[in-house]
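Written out below as C-alpha cells is the structure these notes cover.
The values are calculated or read from the model by the stated rules, or taken from the named source; none is laboratory data. Model, not experiment: these values are computed from the prediction. Cβ sites come from the backbone with ideal geometry, for glycine too, and all protein chains shown count toward neighbours.
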Amino acid sequence: MGRLVSSRLWGATGAIVCGFAVIAGAYGWHSLESDHDMRQIFMLGVQYHMWHGLALLVVAWLADGGGRSATAAAAAGLGFLAGIVLFSVNLYVLAVTGEPLISGAAPIGGFALMGGWAILAVSAILRKPA
C-alpha cells in the first residue's frame with residue numbers, strides 16, 4: 001500500500017470525487033426533470049457519492065498519522081472508491097439508460113461502502129494521539 005498511504009493523495013482524491021458529485025447532481029437534476037422516478041434514483045446515487053467523497057477527506061486526515069492507522073485508512077479509501085463506482089455510477093447509468101451498467105453491482109457497492117466505514121473505524125482506533 002506504500003504510495004496509497006498519502007494524505008495528499010487522499011485529500012486530492014476526495015476533493016475531486018466531491019467535485020464530480022456536484023457535476024453529477026447538476027446533470028441529473030436538470031436532465032431528468034421529466035422523469036421523477038429516474039431522477040430520484042440518480043439523486044440517490046449523487047447523495048451516496050458526495051457523502052463518501054467527504055469520507056475520503058477523513059481518510060486523508062487519518063492517513064496523515066502514519067503506521068497501521070494510515071494503512072487501514074488507505075484500505076477504507078479503496079473501499080469507498082469501489083463503492084462509489086459500483087453503487088453510485090451503477091445508479092447513474094440505470095437512471096439515464098434504464099439498464100444498470102453491471103447487473104447486481106449496486107448491492108456489492110453498498111457492501112464496499114459499509115466495509116469502508118468499518119475499516120475507517122479501525123483506522124481511527126489505531127491512530128496514535130498527537
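Considering only the stretch 1-23, how many residues are surrounded by 15 or more Cβ atoms within 10 Å (Cβ to Cβ) and either of a type outside the set (A, V, I, L, M, F, W, C) or at pLDDT below 90 (or both)?
So the count comes out to 7.
So is residue 120 surrounded by fewer than 19 Cβ atoms within 10 Å (Cβ to Cβ), aliphatic (A, V, I, L, M) and either under 12 Å from the mean Cα position of the chain (by Cα) or under 17 Å from residue 10 (Cβ atoms) (or both) or not?
no
Cβ-Cβ distance below 6 Å, separation of 6 or more or different chains: which pairs start in the stretch 113-130 with a residue that is modelled with pLDDT of 95 or more and end on one that is among the basic types (Lys, Arg)?
Once the first residue is modelled with pLDDT of 95 or more and sits in the stretch 113-130, its partners that are among the basic types (Lys, Arg) give 126/68.
Can you find a residue in the stretch 77-84 that is in contact (Cβ under 8 Å) with a residue 60 or more places away in the chain, within 13 Å of the chain's Cα centre (by Cα) and surrounded by fewer than 24 Cβ atoms within 10 Å (Cβ to Cβ)?
There is at least one residue in the stretch 77-84 that is in contact (Cβ under 8 Å) with a residue 60 or more places away in the chain, within 13 Å of the chain's Cα centre (by Cα) and surrounded by fewer than 24 Cβ atoms within 10 Å (Cβ to Cβ).
Just checking, does the stretch 24-39 include any residue being closer than 21 Å to residue 114 by Cβ, within 17 Å of the chain's Cα centre (by Cα) and surrounded by fewer than 23 Cβ atoms within 10 Å (Cβ to Cβ)?
Taking every residue of the stretch 24-39 in turn, none turns out to be closer than 21 Å to residue 114 by Cβ, within 17 Å of the chain's Cα centre (by Cα) and surrounded by fewer than 23 Cβ atoms within 10 Å (Cβ to Cβ).
I'm told residue 46 meets every condition in (1) loosely packed, with under 14 Cβ neighbours inside 10 Å; (2) under 20 Å from residue 116 (Cβ atoms) except one. Can you identify the failing condition by its number?
(1)
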